[in-house]
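Heads up, the thing below is written out as structure tokens.
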Amino acid sequence: MRYTGFIFDLDGVLTDTSEYHFKAWQTLGQTIGIDFDREFNESLKGVGRMDSLERILAFGGKADAYSVDEKTQMAQQKNSLYVEMIQGMSPSDLFEGVEDLLQRLKQENVKLAIGSASKNAPFVLDRLGIADAFDYVVPAGNVQNSKPFPDIFLDAAVNLNLPPESCVGIEDSEAGIEAILAAGMYAVGIGDPAILHRAHVVYTETREIEIEWL
Ligand code: B16
Ligand code: MG
């Protein structure tokens, strides 16, 4: 294999937590009179908590309607809803084929990292029972610029001790694919090719990734 590092996004790539993020933001939106659908939600995927809130407020024409304190409170409210939703997660929530994929990569001596924008990622990894499978988990709170900036993926490469061009990034969001490309890595998209068209290759599901081509 040409690549020696794989950096996985979490929400939407290894498990379906992106649906929980959507539901939690939708509920928060309803409390302030902003309704949005799945199409708009695509623009929130991979985007950090506060940036997501700013995008929702701008979408609803309320960009300047709230103070910093009020916005912090709203973000906390959304996070409480999300945290409640992930309490019951277990290894059965791992997408089909992920365990097998991680094992095969390990057999090929590929280093593995998690490059998630979520501060809840360590908890979710623990719940899924795969926390030990990764050589490094990017601490979302410590990275300066979130996706679509390359920082998260570059931090992973530095800590895996690999040059970016030796790494593959796997993402389900447009912002994430931008981040991988900006980091100078090979971009694998998971989801709709119409949305993730800038990726080098797109699969509908994570289990379809063909590592023999990489
Ligand atoms: P939190 P990923 C991202 O995770 C989610 O896609 C995005 O919807 C969420 O706002 C962001 O994490 C921050 O999450 O509020 O839990 O810190 O896709 O990069 O794994
Ligand atoms: Mg994601």
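The values are calculated or read from the model by the stated rules, or taken from the named source; none is laboratory data. Keep in mind it's a predicted model, so treat the numbers as computed, not measured. With ideal geometry, Cβ positions are generated from the backbone for all residues, glycine too; neighbour counts draw on all protein chains shown. For the accessible areas, the whole protein counts, side chains as well, though only heavy atoms, and no ligand, DNA or RNA atoms are used. Shrake-Rupley method; radii C 1.70, N 1.55, O 1.52, S 1.80 Å.
Annotation: of all residues in segment 108-150 being basic (Lys, Arg) and within 16 Å of the chain's Cα centre (by Cα), the one that is nearest to Lys45 (Cα to Cα) is Lys147.
Checked against (1) open to solvent by 60 Å² or more (accessible area, probe 1.4 Å); (2) closer than 21 Å to Ile209 by Cα; (3) part of a helix (DSSP H, G or I), Asn109 passes all but condition (3). Filtered by the rule that a residue be within 16 Å of ligand 1 (Cβ to nearest atom), in a loop (DSSP other than H, G, I, E, B) and either of a type in the set (Val, Ile, Thr) or farther than 19 Å from Ile209 by Cβ (or both), segment 148-173 gives Pro148, Phe149, Pro150. Applying the set (1) under 11 Å from the mean Cα position of the chain (by Cα); (2) open to solvent by less than 60 Å² (accessible area, probe 1.4 Å) to Ser166 leaves exactly one unmet item: (1). Of all residues in segment 1-24, those being in a helix (DSSP H, G or I) and either more than 9 Å from ligand 1 (Cβ to nearest atom) or under 23 Å from Ile170 (Cβ atoms) (or both) number 7.
Among the residues making up segment 131-147, a single one is among the charged types (D, E, K, R) and not in a loop (DSSP other than H, G, I, E, B): Asp132. For first residues located in segment 101-123 and of a type in the set (Lys, Arg), partners that are within 16 Å of ligand 2 (Cβ to nearest atom) and lie 6+ apart or on another chain with Cβ distances below 6 Å form the pairs Lys119/Ala140.
Is it the case that Ile34 is assigned to a loop (DSSP other than H, G, I, E, B), open to solvent by less than 10 Å² (accessible area, probe 1.4 Å) and of a type in the set (A, V, I, L, M)? Here the answer is yes, as Ile34 does meet what is asked.
Criterion first (within 16 Å of ligand 2 (Cβ to nearest atom), farther than 30 Å from Lys106 by Cβ and open to solvent by less than 60 Å² (accessible area, probe 1.4 Å)) does Glu19 satisfy it? Judged against the criteria, Glu19 is not a match. Within segment 183-214, being in a helix (DSSP H, G or I) and surrounded by 17 or more Cβ atoms within 10 Å (Cβ to Cβ) holds for one residue alone: Thr206.
Each residue in segment 51-84 was checked for being more than 9 Å from ligand 1 (Cβ to nearest atom) and either assigned to a loop (DSSP other than H, G, I, E, B) or open to solvent by 50 Å² or more (accessible area, probe 1.4 Å) (or both), and 22 pass.
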